[in-house]
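See structure below.
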């Protein structure tokens, strides 16, 4: 499989970009890989890059976007931060990726058993991590069940995963509310802004 070029990127639509990612995840689940020569892709991309997707995911070592979507060099912009939330710098990176570099979709990828979300569920406090946890805690508050406080912590994995899903949904909302550039592109059909969840137990990505 060759690296994307200006021509192949120009034929990509938001729908096709998402389908490419879905097909890549199916290959990953089946322990298959597209036939690609990475060193050849190094050479192919030395004068420019034409990715088709921008993926915001967690820093979790089990959730590499390039691997779980079976993508090669020059295929995706990968933004990683614990808890896969957005701030001004991440939004700016997304705007560059979509408006200037031509990607056709923004995917916010959460995952099960997320450590950052567990920290938010437990209201952890530790140095600079505290400020990061504070950005995820609104998702904890937004998940109404269970009401029993003794069940609203990291030991309850069902609750943790519900918070992870809510965090993805709130991040999508924040992207649209805080980036006029991306919202306008979505409204014009130039890009899609979608959420997804990765299951660390079987490697499956479920798009919301």
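So for region 11-23 (the condition being in a loop (DSSP other than H, G, I, E, B), in contact (Cβ under 8 Å) with a residue 12 or more places away in the chain and under 18 Å from residue 78 (Cβ atoms)), does at least one residue qualify?
Taking every residue of region 11-23 in turn, at least one turns out to be in a loop (DSSP other than H, G, I, E, B), in contact (Cβ under 8 Å) with a residue 12 or more places away in the chain and under 18 Å from residue 78 (Cβ atoms).
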Could you give me the residue pairs with C-beta distances under 8 Å whose first residue belongs to region 29-44 and is within 13 Å of residue 68 (Cβ to Cβ), whose second residue is at pLDDT 85 or above and exposed (fewer than 10 other Cβ atoms within 10 Å of the Cβ) wherever it lies, and which are 6+ apart or on separate chains?
29/202
Of the residues in region 60-80, those that are closer than 20 Å to residue 112 by Cα and without any contact (Cβ under 8 Å) to a residue 40 or more places away in the chain come to 61, 64, 66, 67, 78, 79, 80
Could you tell me which numbered condition residue 72 fails, if it satisfies all but one of (1) in contact with a strand residue (DSSP E or B) (Cβ under 7 Å, 6 or more places away or on another chain); (2) part of a loop (DSSP other than H, G, I, E, B)?
(1)
Across region 98-127, what is the total count of residues that are within 29 Å of residue 20 (Cβ to Cβ), touching a helix residue (DSSP H, G or I) at 6+ places or on another chain (Cβ under 8 Å) and either part of a loop (DSSP other than H, G, I, E, B) or modelled with pLDDT under 95 (or both)?
6
In region 25-50, what residues are modelled with pLDDT of 95 or more and touching a helix residue (DSSP H, G or I) at 6+ places or on another chain (Cβ under 8 Å)?
25, 28
Where in region 128-208 are there helices (runs of 4 or more DSSP H), lying fully within it, with 1 or more residues that are under 15 Å from residue 84 (Cβ atoms)?
129-142, 157-178
Cβ contacts < 6 Å: first residue at negative phi and free of Cβ contacts under 8 Å to residues at least 60 places away in the same chain, restricted to region 95-107; second residue part of a loop (DSSP other than H, G, I, E, B) and buried (at least 24 other Cβ atoms within 10 Å of the Cβ), any location; separation 6+ or different chain. Result?
97/103
Identity of the residue in region 81-94, touching a residue at least 60 places away in the same chain (Cβ under 8 Å) and part of a loop (DSSP other than H, G, I, E, B), that ends up nearest to the chain's Cα centre (by Cα):
84
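Return the residues of region 75-89 that are crowded, with 20+ Cβ neighbours inside 10 Å and either at negative phi or modelled with pLDDT under 95 (or both); say none if nothing qualifies.
Selection gives 75, 76, 77, 79, 85, 86.
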Consider region 16-50. How many of its residues are within 15 Å of residue 103 (Cβ to Cβ) and in contact with a strand residue (DSSP E or B) (Cβ under 7 Å, 6 or more places away or on another chain)?
3
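The values are calculated or read from the model by the stated rules, or taken from the named source; none is laboratory data. Quantities reported herein were computed from a predicted structural model and do not represent experimental measurements. Virtual Cβ from ideal backbone geometry, glycine too; neighbours counted across all protein chains shown.
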